[in-house]
Amino acid sequence: QALEHATRCLELTEENAAEMMDFDCAYAYEMLARCNAAVGKIDEAIEYRSKARLAGEEIREKDDKELFFDDFNGGDWYGIRPV
């Protein structure tokens with residue numbers, strides 16, 4: 001179910017991009033990456049983790065960017081090595 005919710009979150013984020021903050025997309029990608037990793041979809045997890053990292057680099061506000069990368073670099077990646 002988490003993967004379904006993560007997928008829907010990304011869909012809504014992309015559909016409403018004009019109303020989103022720059023960190024919303026980065027977090028949506030991160031969530032989808034972790035959910036894919038949790039269910040063993042390693043290729044998809046790596047793809048979305050890369051998208052999350054790239055979107056994180058685009059976060060303009062310094063504090064928001066630091067918070068995102070603290071979250072991104074922490075927690076469980078379910079066996080996927082850090083980038």
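Just a few scattered comments:
- Residue match in the range 41-60 (condition: touching a Cys at 6+ places or on another chain (Cβ under 7 Å) and closer than 14 Å to residue 71 by Cα): yes
- When the range 38-61 is filtered for residues that are in contact with a Lys or Arg (Cβ under 8 Å, 6 or more places away or on another chain) and among the hydrophobic types (A, V, I, L, M, F, W, C), the ones remaining, listed by number, are 45, 59.
Rule-based calculations on the coordinates, nothing more; no lab input. These numbers were taken from a predicted model, which means no experiment stands behind them. Note that each Cβ is placed from the backbone with ideal geometry, even for glycine, and that neighbours are counted across all protein chains shown.
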